[in-house]
Amino acid sequence: MSLKYEELTEAIINAFYYVYNTLGYGFLEKVYRNALIHELRKRGYQVEAQVPM
């Protein structure tokens, strides 16, 4: 079974692990969120954060 957005999902997970391995543990959520947004944008993705539903 293939994910609909497999490539995007993989990119997000890889960026998350990169950020986490770089920063380590112990920061507030917003630190990781901002770092992940920065990393994804650096990799060429358009990112919107905290979008109301």
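Selection of first residues in segment 24-53 that are among the small types (Gly, Ala, Ser) and of second residues that are surrounded by 14 or more Cβ atoms within 10 Å (Cβ to Cβ), restricted to Cβ pairs under 6 Å at least 6 apart or on distinct chains, gives the following pairs, ordered by first then second residue: ALA35/VAL19; ALA49/ILE37.
Inspect segment 25-39 for any residue being at pLDDT 95 or above, polar (S, T, N, Q) and exposed (fewer than 10 other Cβ atoms within 10 Å of the Cβ) and give the result as yes or no. No, there is no match, as no residue in segment 25-39 is at pLDDT 95 or above, polar (S, T, N, Q) and exposed (fewer than 10 other Cβ atoms within 10 Å of the Cβ). Taking segment 1-20 as the range and being of a type in the set (Phe, Trp, Tyr), in a helix (DSSP H, G or I) and more than 18 Å from ASN34 (Cβ to Cβ) as the test, no residue passes.
The values are calculated or read from the model by the stated rules, or taken from the named source; none is laboratory data. Model, not experiment: these values are computed from the prediction. Reconstructed Cβ throughout: ideal geometry from the backbone, glycine too, with neighbour counts over all protein chains shown.
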